[in-house]
Amino acid sequence: VQLQASGGGLVQAGGSLRLSCAASGRTFSVYATGWFRQAPGKEREIVAIISWSGDSTYYADSVKGRFTISRDNAKNTVYLQMNSLRPEDTAVYYCAAGIVSTLLLHTLRPDYWGQGTQVTVSS
């Protein structure tokens, strides 16, 4: 599976962005997929994970109520809608995919990673 992330950019605090992760490969629909981010000088962290079916999701506490992850398996694409963006959301965002129990999405250890897309939120 190859993943291609897009949609990053520069936005003012309070604004919105939608990230897309386009996948190649017929088996993409069997993988849980997530968004991770890494800010300068910080460790990479989970942002949101969605199950292979789209029925289950996991969000980091810092983005709950502001970000929404979704997927369209017919289009082999996963999305991250980011609203009410804050300067602390500034990071490189990566999409990734792997196999994990639907009940344990937060434990996902991805087998596949896309390249990052930069999100910068100005105050």
### Sparse-neighbourhood loop sites, GluC sites (Glu not before Pro) in region 1-101 - DSSP loop, at most 15 other Cβ within 10 angstrom
Glu43
## Note on the structure
When the chain is treated as a Gaussian network with springs between alpha carbons less than 10 Å apart, the largest mean-square fluctuation among Thr57, Thr68, Thr27 is found at Thr27
### For region 36-123, diffusion coefficient by Stokes-Einstein and Kirkwood Rh (Cα), 25 °C, 0.890 mPa s, µm²/s
181 µm²/s
### Query
In Å², what does the accessible area per residue of the chain work out to with a 1.4 Å probe?
52 Å²
## Note on the structure
What the Cα atoms of region 1-69 span along the principal axes, largest first and in whole Å, is 37, 24, 22
### Task
Could you look at the chain and say what percent of its accessible area is carbon and sulfur, using a 1.4 Å probe and all protein chains?
47 percent
### region 50-123: trypsin sites (Lys or Arg not before Pro) falling in loop per DSSP and having at most 12 other Cβ within 10 Å
Lys64, Lys75
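The values are calculated or read from the model by the stated rules, or taken from the named source; none is laboratory data. It should be emphasised that the depicted structure is a prediction, and the values quoted were computed from it without experimental measurement. No Cβ is skipped: glycine too gets one built from the backbone with ideal geometry, and neighbour counts run over all protein chains shown. Note: areas computed on protein heavy atoms with side chains; ligands, DNA, RNA excluded. Shrake-Rupley method; radii C 1.70, N 1.55, O 1.52, S 1.80 Å.
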